[in-house]
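The values are calculated or read from the model by the stated rules, or taken from the named source; none is laboratory data. Owing to the predicted nature of the structure, the values given are computational and were not obtained by experimental measurement. Virtual Cβ from ideal backbone geometry, glycine too; neighbours counted across all protein chains shown.
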Amino acid sequence: MIYQFRSKAGPDVIMLADLTKRIFDILGRQLEPRGILTEEQLPTLIATLENAILKDLEERSKVKGEQGETSEKPKLADRLGQRAYPFLELMKQARAKNEPVIWGV
């Protein structure tokens, strides 16, 4: 399933269900076929996602240090920060312009 996120503040963001579910689990939100992130909710949601991205980077650095340089490098697509970046930027743009973010399947 594909989710499309829209806001008057920025370009649409399209994400597959696996990433959308992962992000919404982090945000503590129920993933529905359609919904809205209000401008009042955005500051908290942005901070929560940014903290999760930092935690993911710290955990990856720790694992990399334990495994040494001989192990296989993690795929870039597995990194939360890289995969969540477009959605995070859309939320930041919406917050800056006091616009909600809506989504649908």
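So the values come out like this:
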item	result
Those residues of the range 5-30 which are surrounded by 17 or more Cβ atoms within 10 Å (Cβ to Cβ) and in a loop (DSSP other than H, G, I, E, B), in sequence order	ALA9
Out of ILE102, ILE36, ILE53, sole residue that is farther than 20 Å from PRO11 by Cα, at pLDDT 90 or above and of a type outside the set (D, E, K, R)	ILE53
Filtered residue count, the range 1-42, keeping only those that are acidic (Asp, Glu), farther than 13 Å from TRP103 by Cβ and more than 15 Å from the chain's Cα centre (by Cα)	2
Cross-chain or 6+ apart pairs with Cβ under 6 Å, the range 52-63 first and within 13 Å of TYR85 (Cβ to Cβ), then surrounded by 11 or more Cβ atoms within 10 Å (Cβ to Cβ)	ALA52/ILE26; ILE53/LEU80; ILE53/GLY81; ASP56/LEU80
Residue list for the range 25-45, filter: in contact (Cβ under 8 Å) with a residue 60 or more places away in the chain and of a type in the set (A, V, I, L, M, F, W, C)	ILE36, LEU37
Where a residue in the range 11-24 is closer than 18 Å to GLY81 by Cβ and its partner, wherever it lies, is in a helix (DSSP H, G or I) and not aliphatic (A, V, I, L, M), with Cβ under 7 Å and at least six apart	VAL13/PRO86; VAL13/PHE87; MET15/PHE87; LEU19/ARG83; ILE23/PHE87
Subset tally (residues that are polar (S, T, N, Q) and touching a strand residue (DSSP E or B) at 6+ places or on another chain (Cβ under 8 Å)) for the range 1-53	3
